[in-house]
Amino acid sequence: MLLRSPTALPPGAVVTAPVSVNPISGTLNRAGFDREKHLFSQGIAANVTLSAKNHTIVVSRPHWRASFHRAVRNATKHSRFQGLYLALIFGDRSELGDEMRRQLQYSGLSHLIAISGLHVGIVFALGYAVATMVFTLLKMVLRSKARAWLTLYGLPLSLFIGFVFALSYCALGYFAISTVRALIMLAVISGLLLWQARIHRLVIILLASSAVLTLVPFSAASLSFWLSFSAVTLLVLTHTWLAAKRQQSAIVTAFSMHLVLSLCFVPIIGYLFHGLSLIGALYNVLFVAWFSVCIVPLSLLAALLSMVSTHLVWLWDILDIALVPLEFALGFAPLFWWDIGVTDLVFLLPLVIMVLFYRWLSKKALYILALHTIAIRFCIEGESEVSVQFLDVGHGLAVAIIQGDEAVIYDTGSANDHFSMADTVVTPNLIAAGVSHVEGLILSHGDNDHAGGVLALQNRWQPTWIRRPEGNTTDTQCIQGTHWRWKALEFTVLWPPKRVSRAYNPHSCVVLVSLENGNQSKRLLLTGDIEKVSEILLARQLEPLSIDVMSVPHHGSSTSSSSFLHRTIEATNVVASTRLQSRWSLPSPRVREQYQQNGSAWFETGVDGQVIFDFSGQEIIVSTARSEYLDPWYRQMLRSRVE
């Protein structure tokens with residue numbers, strides 16, 4: 001369970017309080033973070049919330065992890081790398097700044113700043129090496145009988161001590177699922193070594209993965225599980241191929257394996273993260289080894305010594321110096337980041353295949369692959385003239401209107417000091433759709449759930465213009481009677497009648513977007529959070545309208561979607577931007593039923609996820625991120641409440 005508390009709770013604390021328990025839920029879009037999948041893969045199936053209004057009793061008890069954490073925080077309080085140390089030692093990323101997170105992502109080194117399988121393997125190897133060296137020294141000074149005993153049991157003891165080291169390290173990270181998987185893999189491999197079984201490396205990988213999926217079955221929903229085992233499998237296959245080919249030095253072999261692994265993961269990383277670091281392979285060559293040999297062992301040693309004495313700050317100073325090259329290199333990472341859309345992947349995947357298998361592919365096969373790639377590219381480009389995407393941003397609104405590689409955004413979703421829907425949802429989906437430029441941004445009104453991400457979106461995309469119904473500017477106003485054209489689309493503002501100093505729900509900018517195609521006209525109506533009074537006044541000024549796609553006013557609240565609106569506007573498809581099981585209980589069942597009785601196809605982002613309308617010729621093709629037939633098994637469990 002995921003515990004939410006209004007105040008920080010120390011590790012080991014015993015809490016007595018009334019709580020509310022709710023199933024986990026999250027947004028779902030074609031791109032961006034999938035919270036439901038992530039939490040489910042960690043074995044978390046419910047949210048437990050402590051309310052600040054209820055009486056809560058917290059009893060703090062001595063806890064060794066808390067003591068370690070406190071000692072490291074005190075020792076590194078003057079270090080600019082404190083966030084990195086806490087992440088490496090405890091898996092605590094709360095102190096990592098937004099800029100550091102961004103640089104780590106752009107460099108492809110995010111996997112280094114966490115307790116992952118790589119770090120657990122490093123600690124296991126460290127414990128095994130220490131035990132082996134100690135036993136070797138003991139053999140030199142002990143009698144023959146003791147030497148014989150160490151010779152017989154030295155390997156099992158070394159493996160056991162290495163496993164104890166790894167187990168202790170995982171305990172510091174509160175046995176995160178990724179570390180538990182690593183421990184299971186180490187146990188399987190250690191057992192096979194002791195058994196002295198002659199088994200192919202790929203069989204060992206299959207046995208380890210089977211053990212992990214048996215003991216931690218929800219790992220099947222974990223992206224890191226599949227990436228880890230895929231990487232290990234690729235390394236084994238590459239090493240086997242290089243060994244069979246010819247004798248090479250260890251450095252050349254290691255470099256070749258890293259190059260092949262990097263190439264194989266190029267399309268995977270591009271698809272998952274909608275971008276690629278052009279020098280990520282170089283960053284990993286340099287810093288994976290540096291962290292393995294230096295940073296991780298020294299960090300753990302410094303943490304251990306900090307528990308013994310408070311006068312060993314000099315060791316953390318050495319670590320600060322050791323991290324200066326990383327800090328310097330990360331500063332250049334954003335310069336080499338390449339955003340990747342679907343059309344880019346169409347070219348990228350065949351290119352990787354040709355590079356990896358050029359020795360085995362004939363010219364005919366290369367020609368066929370190139371022609372197939374070009375044909376797919378033309379099919380993708382010709383899929384739709386205009387794409388309207390209602391993004392799933394929880395309780396809020398964000399709509400992307402896309403033509404070619406440009407977009408206009410209507411509202412941005414919410415934001416706070418540490419999080420923005422514009423960064424986590426809007427931007428990844430724009431990149432995935434192949435957008436390279438945001439032409440404009442329309443803000444319906446000033447509430448956070450609609451305009452909270454404006455600064456984040458401005459910083460990332462630098463839109464040419466921003467229109468809103470509030471403020472003193474006249475060139476970018478969003479008031480009744482304003483018209484403008486963008487490529488094939490005509491924008492007409494229907495409401496509000498005049499500018500206001502601060503736009504609230506009744507002042508929401510209502511925009512009619514029209515696409516003329518021969519004798520056919522397709523219309524999109526975006527309504528913000530207008531309520532009943534605004535609807536009545538607007539209905540008096542409008543002739544009856546036939547709308548193809550419409551956003552439901554105010555998330556389907558009972559204070560909107562009045563009979564006046566229904567008598568004036570006939571909508572074929574309507575979308576309510578909502579959050580599943582929100583505290584406001586939106587949308588209203590009465591509102592939903594009214595639209596459906598009027599013949600509108602009802603969509604709800606809290607239920608359907610991202611809703612996409614592709615305007616292609618005379619058709620409007622509708623697709624959603626969730627489908628009751630295509631949903632993976634874990635999402636069916638969550639949505640059917642069987643977890």
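The values are calculated or read from the model by the stated rules, or taken from the named source; none is laboratory data. Because the structure is predicted, anything quoted here is derived from the model rather than measured. Quick reminder, even Gly has a Cβ in these numbers, built from the backbone with ideal geometry, and neighbours come from all protein chains shown. All accessible areas refer to the heavy atoms of the entire protein, side chains included, with ligands and DNA or RNA removed. Shrake-Rupley method; radii C 1.70, N 1.55, O 1.52, S 1.80 Å.
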*What distance in nm separates the simple spin-label points at Glu570 and Thr233, each placed 7 Å from Cα in the Cβ direction?*
5.5
_I'd like to compare 144-150, 187-193: which one has the highest average count of other Cβ atoms within 10 Å, and what's the full order after that?_
187-193, 144-150
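In percent, how large is the relative contact order of the stretch 354-446, given Cα pairs closer than 8 Å and 6 or more residues apart? Walk me through the intermediate numbers first.
Working: 111 pairs, mean separation 19.2, N = 93.
Computed over the stretch 354-446, the figure is 21 percent.
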*For the chain, what percent of Cα pairs sit more than 46 Å apart?*
29
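When ranked by the protection proxy of mean other Cβ atoms within 10 Å per residue, highest first, what sequence do the peptides 334-343, 395-404 form? Before the final figure, lay out each step's value.
Details: 334-343: 16.4, 395-404: 23.4.
Result, highest mean Cβ count within 10 Å first: 395-404, 334-343.
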*Kirkwood Rh in Å, taken over the stretch 178-227 so that all alpha-carbon pairs contribute*: 11.2
_Net charge contributed by nearby residues that have their C-beta within less than 14 Å of Ala13 (K/R +1, D/E -1)_ = +3
*About the Cα centre of the stretch 1-157, how large is the charge dipole given +1 on each Lys and Arg Cβ and -1 on each Asp and Glu Cβ? Please answer in debye to the nearest 20.*
500
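Taking every DSSP beta bridge that has both residues in the chain, what percent is antiparallel when rounded to the nearest 5? Intermediate results must be reported in sequence, preceding the final value.
On the way: 49 of 75 bridges.
If I count the DSSP bridges inside the chain, around 65 percent turn out antiparallel.
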_Length-normalised contact order for the stretch 81-220 - Cα pairs under 8 Å, 6+ apart - percent_ = 23
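Using 0.36 nm per residue of separation minus the Cα-Cα distance, give me the extension gain between Ile368 and Glu95 in nm, one decimal. List each step's numbers first, then the result.
Details: separation 273, 0.36 × 273 = 98.28 nm, distance 5.10 nm.
Taking Ile368 through Glu95 to full extension adds about 93.2 nm, to one decimal.
Residues with beta-carbon under 11 Å from that of Leu457, excluding Leu457: net charge, scoring Lys, Arg +1 and Asp, Glu -1?
On the way: positive: Arg460; negative: Asp411, Asp423.
With Lys, Arg at +1 and Asp, Glu at -1, the neighbours total -1.
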_Net charge, Ser514 excluded, C-beta distance under 9 Å - Lys, Arg +1, Asp, Glu -1_ = 0
*asked:* Quick check on the stretch 1-90: take the gyration tensor over C-alpha atoms, sort the square-rooted eigenvalues as a ≥ b ≥ c, and tell me if it's rounded (a/c under 1.5), prolate or oblate.
replied: oblate
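Taking a probe of 1.4 Å, how large is the accessible area per residue of the chain, in Å²? Don't skip to the end; give the middle numbers.
Working: 32440 Å² over 643 residues.
Accessible area per residue: 50 Å².
Quick one: if the Förster radius is 22 Å, what FRET efficiency do Ala129 and Leu301 give, using the C-beta to C-beta distance and rounding to 0.05? Walk me through the numbers on the way to the answer.
On the way: r = 14 Å, r/R0 = 0.63.
Taking R0 as 22 Å, the efficiency between Ala129 and Leu301 is 0.95.
With a 1.4 Å probe and all protein chains in place, put His78, His507, His554 in order of accessible area, largest first.
Numbers: His78 170, His507 55, His554 30 Å².
These residues rank, largest area first, as His78, His507, His554.
So, by mean Cβ neighbours within 10 angstrom, what's the order for 159-171, 481-493 with the highest one leading? Walk me through the intermediate numbers first.
Numbers: 159-171: 18.9, 481-493: 14.7.
My ranking of the peptides, most packed first, is 159-171, 481-493.
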*Where does the chain land at 222 nm, in deg cm²/dmol rounded to the nearest 500, when only DSSP H runs of n ≥ 4 count, each adding -39500 (n - 2.57), divided by all residues?*
-15000 deg cm²/dmol
_Accessible area of the chain belonging to carbon and sulfur atoms, whole % at 1.4 Å probe_ = 62
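Quote the relative contact order of the stretch 6-134 in percent (integer), defining contacts as alpha-carbon pairs under 8 Å separated by 6+ residues.
Details: 111 pairs, mean separation 26.9, N = 129.
Result for the stretch 6-134 is 21 percent.
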*Report, in order of residue number, the helices in the chain meeting two criteria: a C-alpha extent of 30 Å or more along the helix axis, and a mean Kyte-Doolittle hydropathy of at least 0.5; treat each whole DSSP H run as one helix.*
117-141, 144-172, 223-245, 250-273
_At 1.4 Å probe size, what's the solvent-accessible area of Arg80? Round to the nearest 10 Å²._
150
